[in-house]
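Engineer: Below is the structure I would like to discuss, written out as structure tokens.
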Amino acid sequence: MIAIIDYDAGNIKSVEKALLYLGQEVVITDNREAILKADKVILPGVGAFGDAMENLRKRGLDRVIQEVVQKQIPFLGICLGLQLLFEKSEEAPGVEGLGILKGEILRFPKSEGLKIPHMGWNSLHLEHNGRLFQGVEEQAFAYFVHSYYLKAQEEEIVKASAEYGVHIHASVEKGNIFACQFHPEKSSDVGLKILKNFVELG
């Protein structure tokens, strides 16, 4: 059973659809027991960092996510779900993120010819032998939609990066925590392979 954390963020249904396509049993829930009983947990999301943190805290889900991490349940953050795992974001000065991973979320600098949000297909540079990327080719394309990007403090947790005017840390892995800035559920066969690798983690 895979639990998708429900905290009023966009994009939950498309993640559910991709997992059902892969033959998984899925529950969308904000219930602590249901989340902690799941084999895997996913935090998707599209929206604003500050609002999302407020919603998580209001429902006590920030504490539940910490419990998931402590129990070593494989956990996947997608898009905003990746950003929330870190300490802070320029989108919401003064708002603390979950702080499970070290690093910050930065605004894309204004740059001639680069549209913000960064929206569309971008190739991935794979590094540090990520478990989500087994069987995925170097320079495979993934689908991004974001106006802020991750700069992780620990280079070794970065498993995929992308270039869009700046160097983007596009995916990280540390212990039982996995996260992608891009949307695997919208990234065609490459994305399905990444999700399949996640659901098949031992």
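Engineer: Mind telling me which of the residues K193, K186, K174 ends up being without any contact (Cβ under 8 Å) to a residue 60 or more places away in the chain, of a type in the set (K, R) and open to solvent by 20 Å² or more (accessible area, probe 1.4 Å)?
Structural biologist: On the way: K186 fails: without any contact (Cβ under 8 Å) to a residue 60 or more places away in the chain; K174 fails: without any contact (Cβ under 8 Å) to a residue 60 or more places away in the chain.
When all the criteria are applied, what remains is K193.
Engineer: Answer with yes or no whether L101 is farther than 22 Å from G10 by Cα, of a type in the set (A, V, I, L, M, F, W, C), open to solvent by 40 Å² or more (accessible area, probe 1.4 Å) and not in a helix (DSSP H, G or I). Give the derivation first.
Structural biologist: Numbers: farther than 22 Å from G10 by Cα: yes; of a type in the set (A, V, I, L, M, F, W, C): yes; open to solvent by 40 Å² or more (accessible area, probe 1.4 Å): no; not in a helix (DSSP H, G or I): yes.
Here the answer is no, as L101 does not meet what is asked.
Engineer: Pick out the one residue from L20, L82, L43 that is out of contact with any Lys or Arg (no Cβ under 7 Å at 6 or more places or on another chain) and either open to solvent by 50 Å² or more (accessible area, probe 1.4 Å) or modelled with pLDDT under 95 (or both). So that I can check it myself, show each step before the final result.
Structural biologist: On the way: L82 fails: either open to solvent by 50 Å² or more (accessible area, probe 1.4 Å) or modelled with pLDDT under 95 (or both); L43 fails: either open to solvent by 50 Å² or more (accessible area, probe 1.4 Å) or modelled with pLDDT under 95 (or both).
Going through L20, L82, L43 in turn, the sole match is L20.
Engineer: Additional query: Which of the numbered conditions does P93 fail, given that it passes all the others? Conditions: (1) surrounded by fewer than 15 Cβ atoms within 10 Å (Cβ to Cβ); (2) in a helix (DSSP H, G or I); (3) of a type outside the set (K, R).
Structural biologist: (2)
Engineer: Does any residue of the stretch 154-173 turn out to be more than 20 Å from L43 (Cβ to Cβ), among the small types (G, A, S), touching a helix residue (DSSP H, G or I) at 6+ places or on another chain (Cβ under 6 Å) and not in a strand (DSSP E or B)?
Structural biologist: no
Engineer: On to the next question. Give me the residue from the stretch 105-128 that is open to solvent by 70 Å² or more (accessible area, probe 1.4 Å), more than 19 Å from G47 (Cα to Cα) and assigned to a loop (DSSP other than H, G, I, E, B) and, out of that set, modelled with the lowest pLDDT.
Structural biologist: That would be E112.
Engineer: Looking at (1) closer than 12 Å to V64 by Cα; (2) out of contact with any Pro (no Cβ under 9 Å at 6 or more places or on another chain), find the lone condition where I5 falls short.
Structural biologist: Of (1) closer than 12 Å to V64 by Cα; (2) out of contact with any Pro (no Cβ under 9 Å at 6 or more places or on another chain), only one is false for I5: (2).
Engineer: Right, another one. Search the stretch 129-147 for residues being assigned to a loop (DSSP other than H, G, I, E, B) and closer than 15 Å to D189 by Cβ, and hand back the single one that is most open to solvent (accessible area, probe 1.4 Å).
Structural biologist: Here is the first cut: in the stretch 129-147, the residues assigned to a loop (DSSP other than H, G, I, E, B) are 129-130, 134-140, 147.
Pick out the ones that are also closer than 15 Å to D189 by Cβ and you get 134-137, 139-140.
Details: Q134: 86, G135: 74, V136: 20, E137: 142, Q139: 89, A140: 12 Å².
Among those residues, the one meeting the criterion is E137.
Engineer: I need the full set of residues from the stretch 174-190 which are out of contact with any Leu (no Cβ under 8 Å at 6 or more places or on another chain) and closer than 14 Å to P44 by Cα, in order please.
Structural biologist: Selection gives H183, K186.
Engineer: When the stretch 1-17 is examined, which residues are found to be within 22 Å of N197 (Cβ to Cβ), open to solvent by less than 60 Å² (accessible area, probe 1.4 Å) and of a type in the set (A, V, I, L, M, F, W, C)?
Structural biologist: Within the stretch 1-17, I2, A3, I4, I5, I12, V15 qualify.
The values are calculated or read from the model by the stated rules, or taken from the named source; none is laboratory data. Because the structure is a prediction, the values reported are computed rather than measured. So basically every Cβ, Gly included, is an ideal-geometry build from the backbone, and we count neighbours across all protein chains shown. Note: areas computed on protein heavy atoms with side chains; ligands, DNA, RNA excluded. Shrake-Rupley method; radii C 1.70, N 1.55, O 1.52, S 1.80 Å.
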